[in-house]
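Just below is one structure, and these are the notes that go with it.
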Amino acid sequence: MFTELERNIAAIRLPRWGRVMMAKGPVPWLVVDDDGTPVHPILRYLTNFVASSASPTSVRSYAYALLRWWRWLRAVDVPWDKATSAEVRDLVLWMSQADKLRTTPRTESTVTAGTVNPVTGKKHLGDRYEPRTVRHSNAVIRAFYEYWIDDVQQGPLINPVPLDRRHRGRRPHAHHNPLEPVRPEGRIRYNPKLPKRRPRALPDERWNDVFGGLRSNRDRALLSLGVSCAARASELLGMNGVDLDWGDQLVRVIRKGTGAEQWLPASPESFIWLRLYLADLGGVLDPNTPVWWTLRRRDHGNGLRHHPMSYEALRAVWRRVNALLGTNWTMHDLRHTASLRMARDESLSMQDVQVILGHAHLATTADIYTVEDEAQVIRRVQQHLTERESHARQPPPPLTTGYNTDDWNVLFGREPQ
């Protein structure tokens, strides 16, 4: 009756079955089996996902989550359309203690994996699955089965990812704050709790160290834009020549998620580095070509030529800088840095910061960036402790003996001498 409880979770090893591959056509990423044949239930879901205006990066992340789910079902020998909440629960338990499958072994990062960097205070990525990965896995699996149950109306009979609906008797969203987004009624039952992460800004001296460690005008221009306009890495890399407004010093980006176009102000310094970078390219930038290009020419079958800069190339820039400084900064830290600088500027409102960041809800911006500067809080508390200790070391005032003459005069009605 309770055979699912007898699984030895720690002993399960996921098979290296199937893979995620890039494809040409409407669906940019596919999950295929060992023979290279697309997995039909996943292909059908991803096709519907793409038709719902999903970005290629979202399709890729969903494909990897479903590949992990398929591998898990093969490991526990359960068909995909017969899975229950027990399989999801056991997958969550397995992910909480298992190491991630890696295609290549760690090299220099073996020593630092999972540790906290002493310079930045940030934790290095470890070999275990993070709580956010587990929650993303649950959300993808639930959406996959919702599609087959509600839209296709065939295949599985139940969704194996249950919701934990508490207070069933109350009206949904009865006390909803209108400033916050409306969330689905009920949370996923096996979602781990997330620790609240504080945004980390690069102090000015750390930013100077990073900037001084860059090797090219291209990298200086790209990072200067990131720390001034708070755009995401993918938004900056997607810019074309037509997206630069030299007169008003604006850059146009395509917002992640919504796909909306938005002009953002950038610093004069970043446009100076942009001009120097374009001069290094040795030509006029075509309005319809990408702004960012590789510095070295490579032959991909059509002769030596420069290629548009990819996200992996940007990560290589940060790897070189971090190796030089002994840090683990990322491009997203520049977005936090720019956001916190704007949020702490009294001349800017929180609505101004929300617009620049592209957040759909003001509560999201306020919840993340209306935080006290941790360094200033520490300095104030240290000053408080120092003053208390200094006060404790002062000798008590001397005790006076006898009576005060003025008090006697008042008591007996004498004139003061």
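No value in this document is a laboratory result; all are computed from the given coordinates. Everything numeric here is computed off the predicted structure, so don't read it as measured data. Here the Cβ positions follow ideal geometry from the backbone for every residue, glycine too, while neighbour counts run over all protein chains shown.
Any chance you could check the Cα centroid distance between segment 349-389 and segment 20-43 for me, in angstrom?
Cα centroid to Cα centroid, the span is 45 Å.
Taking every pair of distinct Cα atoms and averaging 1/r, then inverting, what Kirkwood hydrodynamic radius in Å comes out for segment 227-266?
10.2
For LEU411 and LYS196, FRET efficiency with R0 = 60 Å and r from the beta-carbon atoms, rounded to 0.05?
Efficiency, from the Cβ-Cβ distance: 0.40.
Could you tell me the convex hull volume per residue, in Å³, taken over the Cα atoms of segment 292-336?
Looking at segment 292-336, the number lands at 79 Å³ per residue.
May I ask which residue of GLN383, SER347, GLY121 lies farthest towards the positive end of the charge dipole of the chain, with charges of +1 (Lys, Arg) and -1 (Asp, Glu) on Cβ and the Cα centre as origin?
GLY121
Once the Cα atoms of helix 85-95 and of the chain are each reduced to a long axis, what angle between those two axes, in degrees from 0 to 90 to the nearest 10, is obtained?
The angle comes out at about 60 degrees.
Direction-averaged shadow area of the convex hull around the Cα atoms of segment 56-151, nm²?
Taking the Cα atoms of segment 56-151, their convex hull projects to 8.0 nm² on average.
How tilted is helix 131-146 with respect to the longest principal axis of the chain? Cα atoms for both, answer in degrees (0 to 90, nearest 10).
40
Using the Cα centre as the reference, give the magnitude of the dipole from point charges on the C-beta atoms of segment 204-369 (Lys, Arg: +1; Asp, Glu: -1; all else neutral), rounded to the nearest 20 debye.
Once rounded to the nearest 20, the dipole reads 740 debye.
What's the percent breakdown of Cα-Cα distances in segment 293-399 across 10 Å bins, shortest bin first?
Taking all Cα pairs of segment 293-399, the binned fractions are 11, 21, 21, 21, 13, 7, 3, 2, 1, 0 percent.
Normalising by the residue count of the chain, find the relative contact order in percent from Cα pairs under 8 Å and 6+ residues apart.
12
Would you mind checking the tilt of helix 268-281 against the longest principal axis of the Cα atoms of the chain, expressed as 0 to 90 degrees and rounded to 10?
The helix 268-281 is inclined about 40 degrees to the chain.
In Å³ and rounded to a whole number, note down the convex hull volume per residue for the Cα atoms of the chain.
Residue-normalised Cα hull volume stands at 323 Å³.
Subtract the Cα-Cα distance of ALA113 and ARG19 from 0.36 nm times their separation in residues, and report this length gain in nm to one decimal.
Between ALA113 and ARG19, full extension yields 31.3 nm more.
I need two numbers for segment 204-369: Rg to one decimal and Dmax as a whole number, Cα atoms only, in Å.
16.3, 54
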